[in-house]
1. Can you tell which of 66, 27, 57, 21 is under 15 Å from the mean Cα position of the chain (by Cα) and at pLDDT 90 or above?
2. Before we move on, is residue 95 within 14 Å of residue 23 (Cα to Cα), open to solvent by 70 Å² or more (accessible area, probe 1.4 Å) and of a type in the set (Lys, Arg)?
3. If residue 76 satisfies every condition in (1) open to solvent by less than 30 Å² (accessible area, probe 1.4 Å); (2) in contact with a helix residue (DSSP H, G or I) (Cβ under 7 Å, 6 or more places away or on another chain) but one, which is the exception?
4. Of the residues in segment 41-57, how many are open to solvent by less than 70 Å² (accessible area, probe 1.4 Å) and free of Cβ contacts under 8 Å to residues at least 12 places away in the same chain?
5. Please work out if residue 119 is more than 15 Å from the chain's Cα centre (by Cα), surrounded by 13 or more Cβ atoms within 10 Å (Cβ to Cβ) and either at pLDDT 90 or above or of a type in the set (D, E, K, R) (or both).
6. Cβ-Cβ distance below 7 Å, separation of 6 or more or different chains: which pairs start in segment 99-120 with a residue that is within 14 Å of residue 48 (Cβ to Cβ) and end on one that is open to solvent by 100 Å² or more (accessible area, probe 1.4 Å)?
7. Show the residue pairs that are 6+ apart or on different chains and have beta-carbon atoms under 8 Å apart, the first residue being within segment 61-78 and touching a residue at least 60 places away in the same chain (Cβ under 8 Å), the second being part of a strand (DSSP E or B).
8. Among the numbered criteria (1) of a type in the set (A, V, I, L, M); (2) in contact with a strand residue (DSSP E or B) (Cβ under 9 Å, 6 or more places away or on another chain); (3) over 16 Å from residue 27 (Cα atoms), which one does residue 70 miss?
Amino acid sequence: MSFAMIQSVDAKSKKPAVLDVRTGDTVKVYQKIKEGDKERLQMFQGTVIKTAAPNSVNSTIWVRKVSSGIGVERSFMLHSPLIDKIEITARGKTRRNFLSYLRQRSGKSARLTNQAFDRESVNTLDEVATAVATADDAATAEVVATEAEVKASETPAAAEAAEEVLETEQDTPEAKEEEKLNPSSAAAEPAE
């Protein structure tokens, strides 16, 4: 198999967007469990002690918790269809990728120093990127992106931001040069 074929297979099997899960994070992993013809979600909460292959289809995290005095570790493949969602509840300060020393510790010595982080922004995925990534072809992706821009411009803050971007684009040397060469396009734009 060529490298290009492997990359195309990887891109198709990846989930559109996965949270930025790091070693030391306290996470809640919601996994789909199928029992007979019923399906339910099971939550596993613990500390991420290791991450592997973050930009691959095989990206994996190892989560550890202590249940009834016994350490329990589970590994989860982030792009697995069985993983419903991952929620980051705390971010710990670490300097390693593999926190194996937590296996020998218990109680206060097993705690990590918490870092301040914006919980809402970390746990929300970019809906536009998700929709564009799941689109079947380029035309559908372009339509989805355009609809998202229109929806974003409906809010006052987003409309102001879009106007600022347009103003900065008009002030560039290329835009001024184009205006000199093509004065009819500048006249067609409404004056404020």
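The values are calculated or read from the model by the stated rules, or taken from the named source; none is laboratory data. Owing to the predicted nature of the structure, the values given are computational and were not obtained by experimental measurement. When we count neighbours, we look across all protein chains shown, and the Cβ atoms used for this are built from the backbone with ideal geometry, even at glycine. Heads up: the accessible areas ignore ligands, DNA and RNA and are worked out on the full protein's heavy atoms, side chains in. Shrake-Rupley method; radii C 1.70, N 1.55, O 1.52, S 1.80 Å.
1. Testing whether each residue is under 15 Å from the mean Cα position of the chain (by Cα) and at pLDDT 90 or above leaves just 27.
2. Against the criterion (within 14 Å of residue 23 (Cα to Cα), open to solvent by 70 Å² or more (accessible area, probe 1.4 Å) and of a type in the set (Lys, Arg)), residue 95 qualifies.
3. (2)
4. Qualifying residue count, segment 41-57: 2.
5. no
6. Going by the 7 Å Cβ cut-off, the qualifying pairs are 112/93; 115/93.
7. Sorted first by the residue in segment 61-78, then by its partner, the pairs are 78/60; 78/61; 78/86.
8. Of (1) of a type in the set (A, V, I, L, M); (2) in contact with a strand residue (DSSP E or B) (Cβ under 9 Å, 6 or more places away or on another chain); (3) over 16 Å from residue 27 (Cα atoms), only one is false for residue 70: (2).
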